[in-house]
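Please read the structure below before turning to the comments.
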Amino acid sequence: MPCNGRNHQPSCTCGFSGGRRLRSPTVRWSGWKRASIRGYSSGPWSNCPVCQVGVYYIPGPRGGGAFFDCLGPPWTLHPCTNKRLKYSPFGRTGKPKLRLLKTEFQEQGFLPLIVRRIERLSNGSILHGAVWDTPTALHLGTTESMDADTNRPVYVQQDGSGWAIVNYFPTNSFEPINIRMREDTLGPLDLLMNPSRKTGNGPESVA
């Protein structure tokens, strides 16, 4: 007889806890793809193991992962699982103790970016991709050697100045970073004329 979540043994693997099935973060994540972005953007797909509030789970490069309160920059770590914080703004029921306001980055309008290819050159890298749900192709250049994990979320911010900020997870890191990249970069000569730089994960003003 299937387990109903009551009086089950410690070794039971039914997935129920307290009579309800908890969502598994490792099962729901299927990669950063055009077909999956709409589902990810619709709301949290996981639960905090401490307060059970809805959170966004991003897998790590070699197993494990991190829980975030928002999907996209500035990637605010969920306080219950963030060891750097001693105070949690969430109560035991999962309701916030304080009103959560939009971050500065959320107001600035980062959009999901689908990376089609990263072209690695002797003097840098060119990212070829498109903003989710639009047909316009982007060719963004940097003099850095770009090691983006395209299976995890990638975001881009454009402001019409000819520069863009790309937010991504490096292949061997849990921490997302920003890089300032030049638009319409089609070859090595464009990279030499328009250098760019990594900016960490804080706000960046585009010149």
One residue from P49, P10, P2 being farther than 28 Å from D147 by Cα, exposed (fewer than 15 other Cβ atoms within 10 Å of the Cβ), over 17 Å from the mean Cα position of the chain (by Cα) and at pLDDT 75 or above: P49
Among residues of the stretch 169-193, those that are loosely packed, with under 15 Cβ neighbours inside 10 Å, of a type outside the set (S, T, Y) and touching a Pro at 6+ places or on another chain (Cβ under 7 Å), counted: 1
Here are the criteria: (1) modelled with pLDDT under 65; (2) within 17 Å of the chain's Cα centre (by Cα). Tell me which single one C70 does not satisfy. (1)
If you take the residues in the stretch 124-149 that are in contact (Cβ under 8 Å) with a residue 60 or more places away in the chain and not charged (D, E, K, R), which one is surrounded by the fewest Cβ atoms within 10 Å (Cβ to Cβ)? W132
Out of (1) at pLDDT below 75; (2) touching a Ser or Thr at 6+ places or on another chain (Cβ under 9 Å), the one P89 does not meet is (2)
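The values are calculated or read from the model by the stated rules, or taken from the named source; none is laboratory data. Note that this is a predicted model, so its numbers are computed, not measured. Glycine also receives a Cβ, built like all others from the backbone with ideal geometry; neighbour counts cover every protein chain displayed.
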